[in-house]
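Undergrad: My questions all concern the structure below.
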Amino acid sequence: MAEKGPPPPHPSQAQRGTREGAAQADLSGQVALVTGASTGIGRHLVEALASHGMAVAGLARGEERLRAAMDEVSATTGARTLAVAADVTDRASVEAAVERVVEQLGQVDLLVNNAGLIDALEVPLWEADPDQWWDVVSSHVKGGFLLSRAVVPWMVLRNRGRVVNIASGMSVRARPEYSAYSVAKTGLMRMTEALAAALEGSDVRAFDVSPGAVDTPMTRSMAMWQGFEDWTPPERVVEMVLAIAAGELDAWSGRFLRAGADELHVVRGVTPERDARQLRLVPYGDVDPLA
């Protein structure tokens, strides 16, 4: 843990300091690759990263909407952007997309694995369509694996890079009506931990960032959020990813961060120990042999 310092600021001061820190981040000369970039959280991240000096490549399956989004970001921020239509679950498509990004923008400094599907219906596992269920899992887990496999080796060679996997509250607590999404997000979280451990000793790090309930077309489509209004502002997700890109949260590599709940002024000063914020079994008692 960090040494004791002055008392934490009043919440309004903390929020102001967080916003100012994010606004001052200069990531000029770096390259970001964001999947699921044409809408929702991905779209917010693309614009924020571009406005802080990064050249940004966006990946999504729908080329027309993606191109329109990236062109809009370029016009608004003046940054270099690139729209690459790709299926994150297809190895050849991913490898070709990453090759194009490197050719046109340079090696990737920040990879954000954000793309992924959601269960089509809120039903128990045995009532789910098997193909759609597996497509959801594949979109998150296989997609995150293929992008990391294509990008991380070059980060290792350059000894520089950050990977952000977009997690969820369902990474750590399953919802029975969203069994595929819960399995997918838990699998992605375990992948982050394995990746971070393999990268230990290098200046390449991997993180789980849960955005909370952000008001996006995907969350609006989920019956569980009908009537919900206490949304996590997308700016809170943005500031967390910006802090990671700037190397401010390296102590949290391989661990779970929650935008909207974790305050940057707090987590910047914390070095988590042992299994903190990682997936672990809870012992049934002191005599549990697995404790």
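No lab work stands behind these numbers, since they all come straight from the coordinates. As the structure is a prediction and not an experimental result, all values here were calculated from the model. Reconstructed Cβ throughout: ideal geometry from the backbone, glycine too, with neighbour counts over all protein chains shown.
Undergrad: Roughly what would the spin-label model give for residue 26 and residue 121, points 7 Å off Cα along C-beta, in nm?
TA: 5.6
Undergrad: Determine the gain in length on full extension of the stretch residue 75-residue 275; use 0.36 nm per residue of separation and subtract their C-alpha separation, reporting nm with one decimal.
TA: Separation in residues times 0.36 nm, less the Cα-Cα distance, equals 67.6 nm.
Undergrad: Explain nothing, just the number: relative contact order of the chain, from Cα pairs under 8 Å at least 6 residues apart, as a whole percent.
TA: Computed value for the chain: 17 percent relative contact order.
Undergrad: Also: 222 nm [θ] for the chain, helices only, -39500 (n - 2.57) per DSSP H run of 4+, per residue, to 500?
TA: It lands at -14000 deg cm²/dmol.
Undergrad: Still on this structure: Which FRET efficiency value, to the nearest 0.05, do you get for residue 100 and residue 200 by plugging their Cβ-Cβ distance into 1/(1 + (r/R0)^6) with R0 = 41 Å?
TA: 0.85
Undergrad: Based on the alpha-carbon gyration tensor of the range 20-154 and its eigenvalue square roots a ≥ b ≥ c, which shape applies: rounded if a/c is under 1.5, prolate if not and a/b is larger than b/c, or oblate?
TA: Prolate shape, in that a/c is at least 1.5 and a/b is the bigger ratio.
Undergrad: Write down, largest first, the equivalent ellipsoid semi-axes of the chain in whole Å, where each equals the square root of 5 times an eigenvalue of the alpha-carbon gyration tensor.
TA: 27, 25, 20
Undergrad: So for the range 95-161, averaging the separation of alpha carbon pairs under 8 Å that are six or more residues apart and normalising by length, what relative contact order in percent results?
TA: 45
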